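Read-outs: derived from the displayed coordinates by stated rules, not from any lab. In this text the structure is predicted, and so the values were computed from the model without any measurement. Cβ atoms come from the backbone with ideal geometry, glycine included; neighbour counts cover every protein chain shown.
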Amino acid sequence: MNDVYITGIEMIAFGRYPHRTPASLGAEAVLGALDDAGITVHDIQTAYCGCVFQTMVGQKIFQQIGQTGIPIANVSNACATGATAVREAWMAVRTGDYDIALAVGVEQMTGMGMLGAARQSAIPIEGLMGSTSMPATFAEAGREYAAKYGTSFAQFAKVSVKNHHHATMNPKAVLRKETPLEMVMEAEMIAYPNTKLMCSINVDGAAAVVLMSGKKVRELGLMDRAIRIRASALASDPWQQRNPQMPDINTATQLAAARAYEMAGIDAKDLDLVELHDCFATAELLHYENLQLCGAGEANDMIDSGATALGGRIPVNVSGGLLSKGHPIGATGVANLYELSLHLRGDAGARQVEGARMGLAHVVGLGTCSAVHILEKA
Amino acid sequence: MTDTPLPSPLPAASYIQLDGPEPRLSFLKCRSCGTMFLEPERLACARCGSRDGFDAHEPRYEGTLHSYSIVHRSFPGTAVPFISAVVDIDDGPSLKGNLRGVPFDADQIDGAMRVRIVFDDALGRRDADGNAYISHFFEPLAAD
């Protein structure tokens, strides 16, 4: 098996681009990643594109930047789509079949409104048999944790305070303002305990990454800025009694994390920063435990003590997370690798985690799956 | 005036049966491991993989609230507020539904309350042919 490295990575500023296409957004990210690696489209040997709401975007991207006839596959895996594209590209290089592979994730979501398809029936089911909206689904996941460990509304809200604060240092985040605790808690209640400021934002965005075999990295002399992929793990939801009436975001995450730590041969104590799937503020605290950043029931203390804020024991979502960057579904799982790479290269500016050498990125796709990547400065 | 009889209401979910004097629930129960499912047919058991088939199973009409959210904004056109609840049914699977008969106030909701499962008109919702529907709802057991 080949060692696999990131040598080029880019994320476009997330936001609203109503007059552009997913292919155009994706192409911008890919060109940025190629430039970062110092290669051209002719060097890419295979590509994987993640996009949930549009088809054949990978080919459309190459129609924008150079059609070389390489194998291109499009992948869809809910909110883990981008990470799944990265994993496919990682496997392509790891097996030795390719030396240079590209993964790109893109989504155009401006104007899409609240996500979470209503169940099919002859009459509308939403509000009749509970809710399938994403804010309510993740509120229920949070309430489950709260029922076990006494997590308060304010403790969930503190996640937004922290992540929005981090985003004030990230020029590529769509929401860049401080939101004090009272502001978060007094914002419009969407699905208790998630207020509007505790929900991630639908935006347009794209991110792309160039992966290379160790042999190719050395041949091109790129090792000084290379990031080694120590683990790439994907898990689906094992049977669990309440799933899918209540989507089980925990077990898939726990499985993916355990596989990733085993593959990397490290444990959570070795991490310097984590980008995890804060699609809603209620979700972040559960994943502290799911990703082994703390023990059972300790997430409340983690958020209260500042352990997961920039400067804390294990900074989480210093990018601002999905709560601040926005959550263009197909792009998210590549964008969090971009954030880790900035820190591992020492290029993260005001929000730099000092001396960062190892980072973990996590996503959850409802339906359900989870992907975890562990990156290390080469 | 016409005397066309009103059509009988239809079940709002496939696990609601309207073939007797009272609505009832019917789930699939795996013949191999006993795991229960909401859908009307399956090829195999999601838990054990058995293809030995399933028996119809009627649970008790009581359960325990597992989690909930008080929904204040949902998809456009959905009346709010309502409480979306996940209930672990006694001798049955977990089921999602509206919890009614409690205030829209988390401080007044016992997160592990015992509930009963009741049936009622589906909030006046009709299909394109004008048919009424019967749905399940959760109510606190203690409210008698």
Query raised in the report: What is the helix-to-structure angle for A:249-264, meaning the angle in degrees between its Cα long axis and the longest Cα principal axis of chain A, kept from 0 to 90 and rounded to the nearest 10?
Result: 40
Report task. Mind checking which of A:Met114, A:Pro328, B:Thr64 is farthest towards the positive end of the protein assembly as shown's charge dipole, using Cβ charges of +1 (Lys, Arg) and -1 (Asp, Glu) about the Cα centre? Result -> A:Pro328
Report task. Keeping to pairs on different chains or 8 or more places apart, tell me how many lysine pairs in the protein assembly as shown have Cα atoms under 23 Å apart. Result -> 21
Report summary line: Phi angles of the stretch A:163-173, converted by Karplus (6.51 cos²θ - 1.76 cosθ + 1.60, θ = phi - 60°) into ³J(HN,Hα) in whole Hz with x for Gly and Pro, give 5, 5, 4, 4, 5, 4, 9, 10, x, 8, 7
Query raised in the report: Can you give the average number of partner chain beta-carbon atoms within 10 Å of each beta-carbon in peptide A:190-202, as a whole number?
Result: 3
Requested in this report: Can you tell me the 0 to 90 degree angle between the C-alpha axis of helix A:81-94 and the longest principal axis of chain A, rounded to 10?
Outcome: 30
Requested in this report: Take peptide A:134-145, look around each residue's Cβ out to 10 angstrom, count Cβ atoms belonging to other protein chains, and average those counts.
Outcome: 5
**Report entry** Spatial separation of Cα centroids for the stretch A:284-327 and the stretch A:87-143, in angstrom
**Finding:** 22
Requested in this report: Could you list which residues have their amide H under 5 Å from that of A:Thr195, counting only those 5 or more apart in sequence or on another chain, with H placed in the peptide plane?
Outcome: A:Ile190
Query raised in the report: Which of A:Ala83, A:Ala146, A:Ala350 moves the most in a Gaussian network model of chain A with Cα springs under 10 Å?
Result: A:Ala350
Requested in this report: Just check chain B against the gyration tensor rule for me: Cα atoms, a ≥ b ≥ c as the square roots of the eigenvalues, rounded for a/c under 1.5, and otherwise prolate or oblate depending on whether a/b exceeds b/c.
Outcome: oblate
Query raised in the report: What is the dipole size for chain A, taken about its Cα centre, with +1 at each Lys and Arg Cβ and -1 at each Asp and Glu Cβ, in debye to the nearest 20?
Result: 280
Report summary line: Dipole check, chain B, charges on Cβ (K,R +1; D,E -1), about Cα centroid: among B:Ala128, B:Ile117, B:Ser32 the Cα furthest to the positive pole belongs to B:Ser32
Query raised in the report: Going by alpha carbons, how many degrees (0 to 90, nearest 10) lie between the helix axis of A:22-37 and the longest principal axis of chain A?
Result: 60
Report summary line: HN-Hα couplings for the stretch A:99-107 via Karplus (6.51, -1.76, 1.60; θ = phi - 60°), in whole Hz with x for Gly/Pro, come out as 9, 9, 10, 10, 10, 9, x, 8, 8
Query - Reduced Cα scattering model of the stretch A:253-319, Debye log10 I(q)/I(0), q = 0.17, 0.27 Å⁻¹ - result: -0.56, -1.38
Report task. Could you please state, rounded to a whole Å, how far the C-alpha centre of the stretch B:82-144 is from the C-alpha centre of the stretch A:16-82? Result -> 46
Report summary line: Taking every residue of B:87-94, the Cβ atoms of other protein chains inside 10 Å of its Cβ average out to 2
Report task. For chain B, calculate the relative contact order in percent as a whole number, restricting contacts to Cα pairs under 8 Å that are 6 or more residues apart. Result -> 22
Query raised in the report: So how do A:Ser24, B:Ser8, A:Ser305 line up by other beta-carbon neighbours within 10 Å, fewest first?
Result: B:Ser8, A:Ser305, A:Ser24
Requested in this report: Starting with the fewest neighbours, write out A:Ile9, A:Ile266 ranked by other beta-carbon atoms found within 10 Å of each beta-carbon.
Outcome: A:Ile266, A:Ile9
**Report entry** J(HN,Hα) series, the stretch B:59-73, from Karplus relation 6.51 cos²θ - 1.76 cosθ + 1.60, nearest Hz, glycine and proline x
**Finding:** x, 6, 9, 9, x, 10, 4, 9, 7, 7, 9, 8, 8, 9, 9
Report summary line: Diffusion coefficient in µm²/s returned for the protein assembly as shown by Stokes-Einstein, Kirkwood Rh over C-alpha pairs, 4 °C and 1.567 mPa s, is 54
Query raised in the report: Taking the alpha-carbon centroid of each part, what is the distance from the stretch B:1-77 to the stretch A:192-208 in angstrom?
Result: 33
**Report entry** Per-residue Cβ neighbour rank within 10 angstrom, fewest leading, A:Val4, B:Val87
**Finding:** A:Val4, B:Val87
